[in-house]
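Down below is the structure, laid out as structure tokens.
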Number of protein chains: 2
Amino acid sequence: MLELAILGLLKEQDLHGYELKKRLTETLGSFSSVSFGSLYPALNRLERAGGVAATEAGDEPAVAVPVPMTGSLDGELAAYRATRRPTRRAGRSRKVYRITPRGDALFAELLAADNAAGDDERLFHLRLAFARFLPPDERVGLLERRRAQLVERLARSRANRKSARDRDAYAQSLAERDTELTERDISWLDRLLAAERTPKGKAKSR
Amino acid sequence: MLELAILGLLKEQDLHGYELKKRLTETLGSFSSVSFGSLYPALNRLERAGGVAATEAGDEPAVAVPVPMTGSLDGELAAYRATRRPTRRAGRSRKVYRITPRGDALFAELLAADNAAGDDERLFHLRLAFARFLPPDERVGLLERRRAQLVERLARSRANRKSARDRDAYAQSLAERDTELTERDISWLDRLLAAERTPKGKAKSR
DNA sequence: GCGCCGATATATCGGAGCGATATATCGGCT
DNA sequence: AGCCGATATATCGCTCCGATATATCGGCGC
């Protein structure tokens, strides 16, 4: 799972572990903030598998002007510090990771794999975040598979909600929330599917 | 985490592993269906710690009429089979688990622990499911702590949503969903808090 | 009656992810 | 000079999961 995320980010830009972590927490959503205890082992796995190559960066930045990607806080802060003084980066030396052709192939494989079983929300969100690398028909497939899973889940959720009626108020509230969330997620997917089928050519790809 | 769930269910009724798993998937919500690979090890941990005691059931049921808990499918099916024939249960012999006083204490400890750090959704849901075992003021505390976490998360989520504007449509949609879900969860908690503060004495406790 | 399928049930294994912690190195503040 | 805090990489122990193995019984076809 992490492998997919790492490779996806490295496809855009070479990055070192620490920076990778920040972007990862953005990509995966506001929750689920990827621990270093999973990131570094995952990077090592990828390196052993030949999916990424690491270059020990001295102290000059690997890229003259690292692509800001967003006009966000980090960028502005860095710019501010840069005007104050041409400071050399603080802290320990970095290992900058770069994706290889093997990694590209691995990424495509992980992205397309149709995990029929298992309704892993995080994995779906991750795939969706990289949906732009998927051909349009596979995008629809991804969304429809997810929709089917949610419909199944909704049935279980409604059954559970019914049977929760003779439990206490907390169980009921929990079950109601569950049902509503699933319903909303389904209509969210329906909106995405509708957008997918009326192309309009406005999609901003990279 | 599983320990808390197991002990909470065993507080109501003695259960064997397989049945425990079914109830667990209900309690934890429609997703996250607790694997045997975590359940049985967790039961062994609890047994070693003296929180539960296992009795190897022969083939007579440990309880003459196992409490149905819900008038649900399981119950009706069992009743149906019972009318057809006084069948002896099929399958391998069971190990029925019973909670001990040590387990009771452990449960209280796990339920009350104020995990300031870490915004683990599942753990919160689990605690809420057993909120009836908490004194009213601690219930409010639990809800308010969760609310604070969600407010923090909402801030991150909104920031991320803003910075997602110059990424593709999928990232934007993902970020919007994130924000909306968090907002809805906060108002859900507000409703629970309001209900908590206007007691009305209607709460159905056990 | 016999064999086999499917349900019931317990158990283990390898791997992934997490939280805590250790280690290293530098800038800046006092 | 000394220390703090930010940056960065890395490891340890643990929990949980999915897959798989194992055991045992009822019921079905033939």
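The values are calculated or read from the model by the stated rules, or taken from the named source; none is laboratory data. None of these values were measured; they are calculated from a predicted model. With ideal geometry, Cβ positions are generated from the backbone for all residues, glycine too; neighbour counts draw on all protein chains shown. Ligands, DNA and RNA are excluded from the accessible area calculation, which covers all protein heavy atoms including side chains. Shrake-Rupley method; radii C 1.70, N 1.55, O 1.52, S 1.80 Å.
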* Structure fact -> Quick count over the stretch B:1-26, residues being charged (D, E, K, R) and within 14 Å of DNA strand C (Cβ to nearest atom), is 5
* Structure fact -> Checked the stretch A:105-126 for anything open to solvent by 20 Å² or more (accessible area, probe 1.4 Å) and within 16 Å of DNA strand D (Cβ to nearest atom); matches are A:110, A:113, A:114, A:115, A:116, A:117, A:118, A:119, A:120, A:121, A:122, A:123
* To do: Only residues that are among the aliphatic types (A, V, I, L, M) and either more than 7 Å from chain A (Cβ to nearest Cβ) or surrounded by fewer than 20 Cβ atoms within 10 Å (Cβ to Cβ) (or both): list them for the stretch B:182-192, please.
  => B:186, B:189
* Asked: Which members of the stretch B:155-180 meet the condition of being assigned to a helix (DSSP H, G or I), more than 7 Å from every other protein chain (Cβ to nearest Cβ) and open to solvent by 20 Å² or more (accessible area, probe 1.4 Å)?
  -> B:155, B:158, B:159, B:161, B:162, B:165, B:172, B:176, B:180
* Structure fact -> Considering the stretch A:40-57, residues that are among the aliphatic types (A, V, I, L, M) and more than 7 Å from DNA strand C (Cβ to nearest atom), and then whichever is farthest from residue A:16 (Cα to Cα), we arrive at A:49
* **Flag for residue B:129 being more than 27 Å from residue A:130 (Cβ to Cβ), surrounded by 13 or more Cβ atoms within 10 Å (Cβ to Cβ) and free of Cβ contacts under 8 Å to residues at least 40 places away in the same chain** => no
* Asked: Looking at A:94, A:102, A:45, which is the one that is near DNA strand D (Cβ under 9 Å from one of its atoms), at pLDDT 50 or above and surrounded by 10 or more Cβ atoms within 10 Å (Cβ to Cβ)?
  -> A:94
* Tally the residues that are assigned to a loop (DSSP other than H, G, I, E, B) and within 14 Å of DNA strand D (Cβ to nearest atom), restricting the search to the stretch A:14-28. => 1
